[in-house]
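What follows is a single structure, written as structure tokens, with notes after it.
The numbers here are math on the coordinates, done by the rules we state, and not lab data. Since the model is a prediction, treat every value here as computed from it, not as a measurement. Every residue, glycine as well, gets a Cβ built from its backbone with ideal geometry; the counts of neighbours run over all protein chains shown.
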Amino acid sequence: MVLDSNLSVGDKIILSGTIGDHGLAVLSAQQGLSFGSEIKSDVKPLNRMIQSLLGEIGGVTAMKDPTRGGLADALNELSEKSKAGILVMKKKFQ
């Protein structure tokens, strides 16, 4: 079963999209802020992508939607619930 409390030492964390777009879109709408470009919230369903990952990779152990509290909050919750530390390192992919 995939829960947000199943992290283990050596697990990798994968982000499936941009960071912060949804939160910024909601905040700008609530506060009436405008920017030089349009900020869009990505609210598409993820069930097909997740089903594909579960079937192809087979090693997905935990999931978390960082929409409400952002990435830092999601990582903190994963860490606390799993009783495992998380080391965040920026890696550039080509």
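Below, the figures for the structure above:
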{"item": "GluC sites (Glu not before Pro) lying in DSSP loop within segment 24-94, provided at most 11 other Cβ fall within 10 Å", "result": "Glu38"}
{"item": "Qualifying trypsin sites (Lys or Arg not before Pro) in segment 1-82, DSSP loop, other Cβ atoms within 10 Å at most 13", "result": "Lys12, Lys40, Arg68"}
{"item": "Count of lysine pairs in the chain with Cα separation under 16 Å (8 or more residues apart, or interchain)", "result": "8"}
{"item": "Karplus (6.51, -1.76, 1.60) ³J(HN,Hα), θ = phi - 60°, over segment 16-30, in Hz, Gly and Pro reported as x", "result": "9, x, 6, 9, x, 4, 5, x, 5, 5, 5, 4, 5, 5, 5"}
{"item": "Computed log₁₀ I(q)/I(0) - Debye formula, equal Cα scatterers, no solvent, the chain, q 0.12 Å⁻¹", "result": "-0.48"}
